[in-house]
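Data block below; observations after.
Taken together, the values in this text are just the output of simple stated rules run on the coordinates, not laboratory data. Computed from a predicted model, the values in this text were never measured in an experiment. Here the Cβ positions follow ideal geometry from the backbone for every residue, glycine too, while neighbour counts run over all protein chains shown.
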Amino acid sequence: TILCRCTINTNKWFQLAHTQNAHSANIWMEQDGKEYDFEICSDGGYVSNMASSYGGMVYSGSLWGGGGIDMGWLDGMTGCGGECNIDGSSVSFSNFALTSANPTTTT
């Protein structure tokens with residue numbers, strides 16, 4: 001569970017959006033009318049350098065962690081810490097879409 005100005009219970013369904021461009025990389029979550037968002041990288045140089053690779057990127061989703069593995073390097077900015085019970089965890093993705101922040105329009 002992520003604790004913030006609201007609570008996102010990650011054991012229940014929630015909506016997540018990830019947006020990334022040459023200036024920012026952001027995660028937004030919503031559950032039962034409560035929202036939370038955070039920047040995943042505060043190094044503007046890194047984010048802007050990564051932008052040149054977007055055209056060749058593919059999506060990959062997974063469930064990380066496990067006994068004896070400290071996921072603080074990944075989850076630190078969320079306020080979560082400690083180890084994960086990977087054997088008692090699962091993840092599912094639904095209504096998944098990859099979209100462009102600047103979709104082209106046709107006339």
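How far, in nm, would the chain grow between Met71 and Ile40 when pulled straight, counting 0.36 nm per residue and subtracting the alpha carbon separation?
Contour length minus Cα-Cα distance gives 9.7 nm.
Test of understanding: what is the full-extension gain from Thr10 to Glu83, defined as 0.36 nm times their sequence separation minus their Cα-Cα distance?
24.8 nm
What FRET efficiency would be calculated for the residue pair Tyr54, Phe96, taking the C-beta separation as r and a Förster radius of 22 Å, to the nearest 0.05?
0.80
Provide the gained length on full extension for the span Ser62 to Ala17, in nm with one decimal, where the gain is 0.36 nm per separating residue minus the Cα-Cα distance.
Full-extension gain reported as 14.6 nm.
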